[in-house]
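These notes are about the structure you will find just below.
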Amino acid sequence: MADVQVTCITKSNLQSAHEHITHLGNGRTWKWPREQVIESIDAKTNTFFVLDPHNSKRSDIGVVREASKAPYLRTYADGCWNNNLLSLNQCPI
């Protein structure tokens, strides 16, 4: 199992008020669709994380499942879900 740092995201519409992440990546090294990351987490083939740019604190990425909603990704640190993914830069094209 690989432990993979995520450094960028792609959103479906940059101007939209609704935050919808479509892809996660690590600069120009790799970029996966959100569904592939969810499948990898569920299968326990990879773990994913982000590092806070100010203090290098790690937040693991997990899958959130809510009734009547598609699964989505969110970061988890210190026993709390947070929105560190949304603060990442857009992945290069």
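The values are calculated or read from the model by the stated rules, or taken from the named source; none is laboratory data. Just so it is clear, the structure is predicted and the values come from calculations on it, not from any experiment. Note that we place each Cβ from the backbone using ideal geometry, even for glycine, and neighbour counts take in every protein chain shown.
Any residue at all in segment 31-46 that is of a type in the set (Val, Ile, Thr) and closer than 13 Å to Cys8 by Cα?
no
Within segment 10-55, take every residue that is modelled with pLDDT under 95 and of a type in the set (Gly, Ala, Ser) and give me the one that is nearest to Pro92 (Cα to Cα).
Gly27
Every residue, every condition in (1) touching a residue at least 40 places away in the same chain (Cβ under 8 Å); (2) in contact with a helix residue (DSSP H, G or I) (Cβ under 9 Å, 6 or more places away or on another chain), yes or no:
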position	(1), (2)
Ile9	yes, yes
Ile21	yes, yes
Gly27	yes, no
Glu35	no, no
Phe49	yes, no
Ser56	no, no
Glu66	no, no
Lys69	no, no
Asn89	yes, no
